[in-house]
Every structure is written in structure tokens, then in C-alpha cells.
Amino acid sequence: MTNTATSQHHQGSAIENPARLAELHATGLLDSPPEESFDRFTRLASALIGIPLTLVTLVDRDRQFFKSQVGLDDELAAVRETPLERSFCKHVVESGQPLIIEDARLHSLVRDNPAVKDGAIAYIGMPLITPEGQTLGTFCAVDDQPHFWNERDIRIMRDLAATVMTEIELRLLAGKLLAQYNQLRATELQRDDMAQMLVHDLRNPLTSLLAGLHLIDEVDALDPMQAQALQIARRGGDALLRMVNEILEVSKYQAGHLQLDYSSVNIPDLLTLAREQVGSMAERASIRLEQHSDDQLPACQLDADKLRRVLVNLLANAIQHTAAGGGVSLNASLLTGGRLEIRVSDNGLGIPSEQIARIFDKFNSGCTARHLGSSTGLGLSFCKLVVEAHGGSISVDSKLDRGSTFTLMLPVTPPRPN
């Protein structure tokens, strides 16, 4: 008879260790359904060492749970747990060492265990130990007859236990990463709520300030220098108010409050309105602005105002990062399957590849005004929200110093509500 569980701790000391229990519950494996990733190891152990009953056990405060099993009777296989009074594995958790028993009826540690009367005679249990040194349970095999565990048996069980523990460590790592993500997400939401509150509070005094600026020249005549200073102040205040409204609007839309006002829209007319709105901007920058669309495009059910704003935003971005003498084009066509494609293309600076993956993110710090013409970092986020609310998609293809193309794919008719 061999027993490598060398130390006998006070019953319950290791099992009730809060750090161990925290690690155990962090795996998310307690009371989870059977999984092939664990079952393959119990099947393999049973086949290699010729023992009918093999288990992956997790030892909780007052029970042992069988994450995987081969050979349990139907009743116990359905329950998949036993109280610790019937557990050999608890001794492995107590010692943190392998436990090897040839005949439990003769073994002082377990001979009075009720499981012995039910046929648990020979036992080999390898501890499942985390990198932090906490023993979560065992990878074990049980025979209903006395059994001499040879070196091959021990090596196989030890190696398979290490592999099982690798699988458990992956679950622990995934759980920790998820917890970190949730914490970061909560912090981000808290930050956004605070920013939105501050911006909302800023709008009222800013509106009052602008109203006062617009009244100044009505009170008394201004000399040219004063008039120029007033114009600069108004222009800056108006720009700041637009930024405040944009932040509040995108935050509202991201909270699920985007309402679309569908109507029958003539696409060439919509493109013309958007192009005319940025026409003076293109002229000042010496940018050639072109518009093309397929003949006989059908009228589409869209929110004309919001789609116009999307196109204006994309056109303004294209103009701002295209050098004088360059060109920006606005094109629309009907694709097979009834999808409308609208493209905004330029031959300007292009966008660095590392920024493209996050280009539509809210407050994307990589999308600077120099590249995208958006002082808040919300313009493209707004475009994505509007297009996706229509049941469509937006994408970008860009090469540095060769230009960019933003492509909108939209359904001709509105998507059905869920």
C-alpha cells in the first residue's frame, strides 16, 4: 500500500481557504455541463490504464463536483456530485500532493469513508494546482478491486492531470480577462456619462454667451477692429456649440434613441443637396467636386435629412484632407439584389492602416482633424450609427498618399422591425 499524501492538516483548513475557493469559483466550472475538452482526458486515462472509473473532480467547501467522468453509475452520473463525507479527493486538496491507495479497506486515511462500502477500493488522485498554488481538485481513477499502481500508471495520470490543469488555467485566464474588460467598460461608461453631463451643462451658458455676442453690434456701432474681433468670437462660439450638440447627439443615438423619418427619396437629388452644401468649401480649397449616379435609380425609402448629413460629413472630410488641385467624387449605383451603393472618394492624403480598424469608433484619438476633419472625433461615429440604423453598412478603403473611398451600402426599402 502506497500513500504519497504525506501531511495531515486540520480537516477543512485547506478546503475552506478563501483564496482557494475564490480561484475555484473563478473557473466558472462548478455546476457547468459536461464538455468534450475535459471528457477526452477521462476517456483517455480509462483506456490507457485500464480502470473503469476516471474523474475530473472540483472540491468545493462541502461537496465534490464531477466536471468530467467515465464509469459512474447512471444515478450518480446524473447528479455529478457527492458530499465531502464520501470523498477521497478532499485529502488531495488538503495535502496538495498525489494520493495513491492500493486497498482503501486497509488505509487509515479512508477506510471509514462510506464510499469504500460502495466499491471504492483502489484510488489514484493527482492534484489540480493553479500557478498561485491553490489545489482546486483532482484528476483521479477509482477501481472496485485492490490495484497496484505501477510507474506507468502514475506517469500517465500525472501527465494527463497537467493537461487538464492547462485547460482550467485557460478558463481562469478568460475569466480574469472578462472581469478586467467589464471593469474597463464600466469605467468607460461612467466617464461617458460624466462627459455627457458636463457637456450638457455647458450648452446653456454657451447659448447665452452667443446670444450676447449677437446683440453687441446692435447696441452700438463697432469700428473695423472690433467688428473683426466680434466675428472671430462668434465663429468660435458657433463652432463650439456645434461640437457640444454633436457630442450630445451621438451619445443619445448610441443609447438607442435614434429615430428615422422615412420618406421616398430621389437619390440624385439627395446627392446634389449634399454636394451643394460643401460646394463653397471645395471652391475655397481648390478641390474639384464631381457627382455621378446610375440612370433611372429608383426612389428609396430613407431618412433624407440624416443621410444628407452623413454625405456632407464624408464630403467635408474628403475635402479637408485633399490637397489643392485634387478631386472628390460622389457616386451612387444600384447593385444586384436591390442594394444601393453610395461612394465618397478622394485622391488625398489617405488614412494610416493602423487607424482604419477603429476609424468609426467614438472619440477615436487616432482620427485627427488633419486626417478626418472632425474636431470631436464623432463625425464618422455618427455616420456609422445612421447607416446601420437603416439596415446598411459603411466601410473604408484607403492608401496613404493615394486617397480614400468610403462606401455606404443601403437597402432600397426599410428593414422590417423586429
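Given charges of +1 on the Cβ of Lys and Arg and -1 on the Cβ of Asp and Glu, with all other atoms neutral, how large is the dipole of segment 61-171 about its Cα centre, in debye to the nearest 20?
The calculation lands at about 200 debye.
Give me P(r) over segment 280-330, computed from all C-alpha to C-alpha distances, binned every 10 Å, as integer percentages.
22, 44, 27, 6
With Cβ to Cβ distances under 15 Å as the rule, what net charge do the other residues near residue 353 carry (K, R +1; D, E -1)?
0
Tell me, what HN-Hα J-couplings in whole Hz come from the Karplus equation 6.51 cos²θ - 1.76 cosθ + 1.60 at θ = phi - 60° for each residue of segment 391-407, using x for Gly and Pro?
After applying 6.51 cos²θ - 1.76 cosθ + 1.60, I find x, x, 9, 10, 9, 9, 10, 8, 9, 4, 6, 10, x, 9, 10, 9, 10 Hz.
May I ask you to compute the full-extension gain from residue 151 to residue 223, defined as 0.36 nm times their residue separation minus their alpha-carbon distance, rounded to one decimal in nm?
15.8 nm
Hey, got a sec? Which GluC sites (Glu not before Pro) in segment 70-133 land in a DSSP loop and have at most 10 other Cβ atoms within 10 Å?
132
Provide the descending list of Cα extents for segment 61-129 along its principal axes, expressed in whole angstroms.
The principal-axis extents, from largest down, are 30, 29, 21 Å.
Measuring from centroid to centroid over Cα atoms, what is the spacing of segment 25-57 and segment 153-182 in Å?
For segment 25-57 versus segment 153-182, the Cα centre distance is 13 Å.
Counting other Cβ atoms within 10 Å, keep those with at most 15, restrict to DSSP loop, and tell me which trypsin sites (Lys or Arg not before Pro) in segment 68-122 are left.
111
Filter 67/176; 67/117; 90/176; 306/399 down to the pairs with a C-alpha to C-alpha distance above 22 Å, please.
67/117; 90/176; 306/399
Every number in this text was worked out from the coordinates using simple rules, so none of it is lab data. Worth saying up front: this structure is predicted, and the values here are computed from it rather than measured. Don't worry about glycine lacking a Cβ; one is built from the backbone with ideal geometry, like all the others, and counts go over all protein chains shown.
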